[in-house]
1. For Thr45, Thr80, what ranking results if the residue with the fewest other Cβ atoms within 10 Å of its Cβ goes first?
2. How much space per residue, in cubic angstrom, does the convex hull of the C-alpha atoms of region 1-40 take up?
3. Pulled fully out, how much extra length does the chain show between Asp12 and Asn90, if you take 0.36 nm times their separation in residues and subtract their Cα-Cα distance?
4. Quick one: length gained pulling Glu30 to Ile71 fully straight, 0.36 nm per residue minus the C-alpha distance?
5. Rounded to two decimals, what is the ratio between the C-alpha radius of gyration of region 41-92 and 2.2 N^0.38 Å?
6. Checking the cross-link filter: which lysines have an alpha carbon closer than 18 Å to that of Lys38, excluding same-chain neighbours under 8 positions apart?
7. Determine, for Lys78, Lys70, the number of other Cβ atoms within 10 Å of each Cβ, and report the residues in order from fewest to most.
8. Based only on other Cβ atoms within 10 Å, what is the fewest-to-most ordering of Arg13, Arg23?
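Please treat every number below as a calculation from the coordinates, not as lab data. Quick caveat, the model's predicted, so the values are computed rather than measured. No Cβ is skipped: glycine too gets one built from the backbone with ideal geometry, and neighbour counts run over all protein chains shown.
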Amino acid sequence: MNKGEFVEALADRLDVSRAQADRALSGVLEIIAEQLAKGEKVAFTGFGSFEVSKRAARTGRNPQTGATIKIAASSVPKFTAGATLKASVNGK
């Protein structure tokens with residue numbers, strides 16, 4: 001399911017226009033991104049949580065040349081599924 005399909009399903013579920021559903025989804029995604037950029041955790045009980053994970057600097061290898069390269073430290077978004085979501089995916 002892509003964003004357009006999701007917006008259509010959301011509009012049907014909420015009985016609102018596609019434009020309203022698109023604005024609502026965009027707003028939710030923007031809020032999550034803003035909070036992660038601040039280093040905050042965003043949690044939805046039962047569904048899961050979004051947080052920022054730190055990756056340490058490390059050395060890697062260029063697969064084409066075999067040369068050793070330095071990979072800088074970085075922050076990456078991470079999602080952890082909640083118990084209710086896990087159970088629904090497993091059919092329980």
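1. On the way: Thr45 9, Thr80 13.
Exposure proxy ranking, most exposed first: Thr45, Thr80.
2. 66 Å³
3. This chain segment gains 25.5 nm when fully extended.
4. 11.9 nm
5. Taking the Cα Rg and dividing by 2.2 N^0.38 Å, one obtains 1.75.
6. Lys54, Lys78
7. With the sparsest Cβ surroundings first, the list reads Lys70, Lys78.
8. Arg13, Arg23
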